[in-house]
Amino acid sequence: GVQCSNAITSHGLALNCCTDLSWFEHIVPCGLEGKGVTSLSRELGRHVPVADVLEPFLDSFREVFDCTLVFDEE
């Protein structure tokens, strides 16, 4: 999602792999009325664990945004 307020733009990202999507029926995801959510598992028709997706996702994120990711162990 993207939010613009007071000349500040905020960006968010959700990578739903094998999430219980029923929880999203109780909220307005990203503040976008009338929009739904999905997951990789739903779209691919099979269980997709986060562990299978995390490294390729982060590699692509680094490449697209030309950045260095820093991890905090805490």
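Between the stretch 49-73 and the stretch 10-35, how far is it from one alpha carbon centroid to the other, in angstrom?
Each part's Cα centre sits 20 Å from the other's.
Measure off, as a whole percent, the carbon and sulfur share of the 1.4 Å-probe accessible area of the chain, all protein chains present. Before the final figure, lay out each step's value.
Working: 3510 of 6410 Å².
C and S fraction of accessible area: 55 percent.
Scan the chain for trypsin sites (Lys or Arg not before Pro) in coil per DSSP, keeping those whose Cβ has at most 14 other Cβ atoms within 10 Å, and list them by number. Mind showing how you got there, number by number?
Working: sites: LYS35, ARG42, ARG46, ARG62; in loops: LYS35, ARG46.
Answer in residue order: LYS35, ARG46.
Loop-only GluC sites (Glu not before Pro) in the stretch 22-51, please: DSSP not H, G, I, E or B, and at most 16 other Cβ atoms within 10 Å.
GLU33
In whole percent, what relative contact order does the chain give with Cα contacts below 8 Å and a gap of six or more residues?
23
Hey, got a sec? Which chymotrypsin sites (Phe, Trp or Tyr not before Pro) in the stretch 11-65 land in a DSSP loop and have at most 10 other Cβ atoms within 10 Å? Don't jump to the answer; show the numbers that get you there.
Values: sites: TRP23, PHE24, PHE57, PHE61, PHE65; in loops: none.
Passing sites in the stretch 11-65 do not exist.
If you wrap the chain's Cα atoms in a convex hull and average its projection over all directions, what's the area in nm²?
Directional mean of the projected Cα hull area for the chain stands at 7.3 nm².
The values are calculated or read from the model by the stated rules, or taken from the named source; none is laboratory data. This structure is a prediction, so every number in the text was calculated from the model and none was measured. In this analysis, Cβ positions are derived from the backbone assuming ideal geometry, glycine residues included, and neighbour counts consider all displayed protein chains. We work out accessible area using only protein heavy atoms, side chains counted, and drop any ligands, DNA or RNA first. Shrake-Rupley method; radii C 1.70, N 1.55, O 1.52, S 1.80 Å.
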